[in-house]
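Heads up: the structure comes next, in structure tokens.
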Amino acid sequence: MDNISGNIFDKYVNSKQIFKRDREILRPSYIPDELPHRKDQIDQLASILVTALRGDRPSNVLIFGKTGTGKTASVKYLGKEILKADEFDRVIYLYMNCEVVDTQYGVLQNIGNMIIDKFEERIPFTGWSTERVYNILREKIDELNRVVIIVLDEIDKLVYKSSDDVLYNLSRINDDLERSKVSLIGISNDLKFTEFLDPRVRSRLGEEKMVFSPYNAEQLRDILDQRSRLAFYPDVIDPGVPPLCSALAAQEHGDARRALDLLRVAAEIAERNGDDKVTEAHVYKAKNKIELDCVTEAIKTLPTQSKLVLMSIIINEERGSGKLTTGELYETYRDISQFIDMQILTQRRVTDLVSELDMMGIVHARVKSFGRGGRTKEIDLSVPINETKKILEEDEVLHPLKNYRPKNQTTLI
């Protein structure tokens, strides 16, 4: 047995440090002291919310924009600023993500518990009627005698999951208050969700509307330069790295989250390798890793039958028998289903599952016509074969396929 001298972590602890400070600086959740290229939007929002500092209710605001356009960062930044400016203690600023809390009861309960100090008075997770929770929340808000600004991030998720009942209650809560006032800020990356709202809710909620446009490559570079100065030691980032991260992210709708993720993962790869600098090569490795992580998650969460179809495609690709047709795929699918004693779907259903995998970008399926001879699909894999096979073999149901040996097949259309 080899002698292990020292500790297993020594080579990592003693390797060159690239990160000067907490790497959270390169995560979207970090809110810097200044937000580049969002001054106009922040000023516009501040001009609406300043009313709260005077003790009056600001208009409700709906904020739209694609992922990574600075909506959440700007609203959280304003939250910090308004509390700094609130010398007369007139404002309470509450933030909630509706992807996490997506039911009417959950939203009312969470808002209530943010303002209830005494633990024994808190609203339970379940068990009360929604009407009771609403009444308690209304009483507790009124006791504050303040302007309460409630930010509902990813508000569209709440509407699609639980309809607009909670928004109806919150948008009319001011009618039931005597001392306090409530203002709502909704954030969404889906412009169409308002079509699902009751017209009364839509008009109350959208008293003011704002749109955050995507960043261009130059703006993304400014954001990365700002975060790099905070996060890294001097001269550890090659000059070409921020522009490359920016250009790659600008291709994907100007997503600042994507640009930050690329930079952070590239630096982590460099640090793990013990490299002195973060280079463009590290960025391309980071891009592949992030994309593979997304694919891995998508494949892991596929239904078992879709995994079986995907495994059938992989088995045929490994055999290298040229273009894979629907008929050949179905033969393999039938064989491996029998091998692990799974229910066999019809060929039509398997073809539907191939179309779903195609829509997800996991496979590529082209329809090929043979005139009167009919039509078939030519199918090939769009993801790395070895990594995908490993992920599929981790599934308990598919694990026995490690021992599967394919039969020789004839081509079927």
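Worth a mention:
- By the helix-only formula, in which each DSSP H run with n ≥ 4 contributes -39500 (n - 2.57) and the sum is divided by residues, the chain has a 222 nm mean residue ellipticity of -15000 deg cm²/dmol.
- As a size descriptor, the averaged projected area of the C-alpha convex hull of segment 128-286 was calculated at 13.3 nm².
- Dividing the mean sequence gap of close Cα pairs (under 8 Å, 6+ apart) by how many residues the chain holds gives a relative contact order of 17 percent.
- Taking the 1.4 Å solvent-accessible surface of segment 71-190 as the whole, the part contributed by carbon and sulfur is 45%.
- Placing +1 on the Cβ of every Lys and Arg and -1 on the Cβ of every Asp and Glu, with nothing else charged, gives segment 176-276 a dipole about its Cα centre of roughly 540 debye.
- Helix 39-53 vs. the chain, principal-axis angle (Cα, 0 to 90°, nearest 10): 40 degrees
- Candidates Ala256, Ala73, Ala365: whichever shows maximal mean-square fluctuation once the chain is modelled as a Gaussian network with Cα springs under 10 Å: Ala365
- Tensor-based shape of segment 298-337 (alpha-carbon gyration tensor, a/c under 1.5 rounded, otherwise prolate or oblate): prolate
- Under 5 Å, built H, 5+ apart or other chain: amide partners of Val148: Ile92, Lys181, Val182, Ser183
- When the Cα positions of Gly274, Leu308, Ser162 are compared along the charge dipole of the chain, Leu308 comes out farthest toward the positive end, with charges on each C-beta of Lys, Arg, Asp and Glu.
- Partner lysines for Lys157 [C-alpha distance under 24 Å; skip if fewer than 8 residues away on the same chain]: Lys66, Lys71, Lys76, Lys192, Lys209, Lys300
- Evaluating 6.51 cos²θ - 1.76 cosθ + 1.60 at θ = phi - 60° for every residue in segment 259-268, the Karplus couplings come out as 4, 5, 4, 4, 5, 5, 5, 4, 5, 5 Hz, glycine and proline recorded as x.
- For the pair Leu83 and Asp225, label points projected 7 Å from Cα toward Cβ lie 3.2 nm apart.
- Average accessible area per residue (Å²) across the chain - probe 1.4 Å, nucleic acids and ligands excluded: 53 Å²
- Spin-label model, Gln347/Glu317: points 7 Å from Cα along the beta carbon direction are separated by 2.4 nm.
- Estimated Rh, the chain: Kirkwood, alpha-carbon pairs, angstrom: 25.6 Å
- Cβ-placed point charges (K, R +1; D, E -1), dipole of the chain about Cα centre in debye, nearest 20: 860 debye
- Where labels lie 7 Å past Cα in the beta-carbon direction, separation of Ser59 and Lys118 in nm: 4.0 nm
- Each residue of segment 337-352 is assigned a 3J(HN,Hα), and the resulting list reads 5, 5, 4, 9, 6, 9, 4, 9, 7, 6, 5, 4, 5, 5, 4, 4 Hz, derived from the Karplus form 6.51 cos²θ - 1.76 cosθ + 1.60 (θ = phi - 60°), x at Gly and Pro.
- Inter-centroid distance (Cα atoms) of segment 281-356 relative to segment 50-89, Å: 47 Å
- Fluctuation leader among Ser74, Ser163, Ser129 - the chain, Gaussian network, Cα springs under 10 angstrom: Ser129
- Averaging Cα coordinates gives a centre for segment 229-253 and one for segment 117-139; these two points are 47 Å apart.
- Under 13 Å, Cβ to Cβ, from Val133 - net charge with Lys/Arg +1 and Asp/Glu -1: 0
- Potential lengthening between Arg90 and Asp190 on full extension [0.36 nm per residue; Cα-Cα distance subtracted]: 32.8 nm
- Relative to the current alpha-carbon distance between Lys20 and Thr296, full extension at 0.36 nm per residue lengthens the span by 96.3 nm.
- Charge dipole of segment 299-361 (Cα centre as origin; +1 on each Lys and Arg Cβ, -1 on each Asp and Glu Cβ, all else neutral): 80 debye, rounded to the nearest 20.
- The string of couplings for segment 236-252 from the Karplus curve (6.51, -1.76, 1.60, θ = phi - 60°) is 9, 9, 4, x, x, 6, x, x, 5, 4, 5, 5, 5, 6, 5, 5, 9 Hz, one whole number per residue in order, with x for Gly and Pro.
- Both radii were evaluated on the Cα set of segment 183-273; the Rg over Rh quotient, with Rh as the Kirkwood radius, amounts to 1.18.
- Taking the DSSP bridge list for the chain and keeping only pairs wholly inside it, about 30 percent are antiparallel.
- When the Cα positions of Gly240, Leu152, Ala85 are compared along the charge dipole of the chain, Gly240 comes out farthest toward the positive end, with charges on each C-beta of Lys, Arg, Asp and Glu.
The values are calculated or read from the model by the stated rules, or taken from the named source; none is laboratory data. All of these numbers come straight from a predicted model, not from anything done at the bench. Methodologically, a virtual Cβ is constructed for each residue, glycine included, from the backbone with ideal geometry; neighbour enumeration extends over all protein chains shown. Areas reflect the complete protein model, heavy atoms only, side chains present, ligands, DNA and RNA absent. Shrake-Rupley method; radii C 1.70, N 1.55, O 1.52, S 1.80 Å.
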